[in-house]
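Following: one structure in structure tokens, then a few remarks.
The values are calculated or read from the model by the stated rules, or taken from the named source; none is laboratory data. The structure displayed is predicted, hence computed values, not measured ones. Glycine gets a Cβ as well: all are built from the backbone with ideal geometry, and neighbour counts include every protein chain shown. When the accessible area is computed, the model is the full protein with side chains, heavy atoms only, and any ligands, DNA or RNA have been set aside. Shrake-Rupley method; radii C 1.70, N 1.55, O 1.52, S 1.80 Å.
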Amino acid sequence: MLIRDKLCVVKSKIVAAATRSGRKSDQIELIAVTKTFSPETIHEAVEAGQNLFGENRVQELMSKVPVLPADVRWHLIGHLQSNKIRKVLPVVEAIHSVDSLDLARNIHRIAGELGVVSQIYLEVNVSGEASKYGFEPARLEAELEELLGLDKVNVVGLMTVPPIGESGEESRRHFAALRELRDRLETRGGKSLPGLSMGMSGDYETAIEEGATIVRVGSAIFGGR
């Protein structure tokens, strides 16, 4: 199946999942995840009308940006090391993987030096996996006030990655937990946190049913890696 056709399938499933949850499909954004895929492959998605892409690795991101159309939008969705912040900020629209207060502080400092405001999602380890990046929910609640006080970062929402290998239904509880945490943080912090970045190729429909506003889909569009 062509990438154009796979995109149509994914978008139709987004519409159906949004309808099931009583929402409009234009409330959900699709990130096409380009990890390991060539610029030529990404061009096929661009030609099919997709213009928002997500990259996991900074090195890959920086190699692809110059050779793809200038109006393509990029989000960083993988782990970000502090020493790569300065490279990333000028080329990405948002960072989905801010997993600590220290990282947020560093983004704030460098964004100030560059004269920009960075759009960020706070990555939350809602499943409690020891090997996974992300804020523990209790720690995020404790550090929320300082995070919201960093005026060179705009916290637009939360992000999570469920345990690998779980089905959509098995992941549902993690998506629901992120939404419930977001609701508590909004009440506590007095700031709207509209974004919920959750759901990948195997579970994005379930994520949308639980409130996702942006889904990160790679293999369902580009094929297996």
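Once the range 126-153 is narrowed to residues that are among the charged types (D, E, K, R) and surrounded by 13 or more Cβ atoms within 10 Å (Cβ to Cβ), the residue that is nearest to I85 (Cα to Cα) is K152.
Whenever a residue of the range 73-102 is of a type in the set (S, T, Y), its partners that are buried (at least 21 other Cβ atoms within 10 Å of the Cβ), lying with C-beta atoms within less than 8 angstrom and at least six residues away or across chains, give the pairs S82/L103; S97/L76; S97/I77; S97/L80; S97/Y121; S97/E123; S97/M159; S100/F135.
Restricting attention to the range 198-223, which residues are open to solvent by 10 Å² or more (accessible area, probe 1.4 Å) and either farther than 24 Å from I42 by Cα or of a type in the set (V, I, T) (or both)? Selection gives T206, E209, E210, G211, T213. Checking each residue in the range 154-197 for being open to solvent by less than 10 Å² (accessible area, probe 1.4 Å) and within 15 Å of L122 (Cβ to Cβ) picks out V155, G157, L158, M159, T160, L178, L181, L185, L193, G195, L196, S197. Residues of the range 15-40 that are among the polar types (S, T, N, Q) and within 21 Å of the chain's Cα centre (by Cα): S21, S25, Q27, T34, T36, S38.
A Cβ distance below 7 Å, combined with a sequence gap of six or more or placement on separate chains, defines the contacts here; from the range 1-18, residues that are over 16 Å from M200 (Cα atoms) reach residues that are in a loop (DSSP other than H, G, I, E, B) and modelled with pLDDT of 95 or more in the pairs I3/A48; R4/A48.
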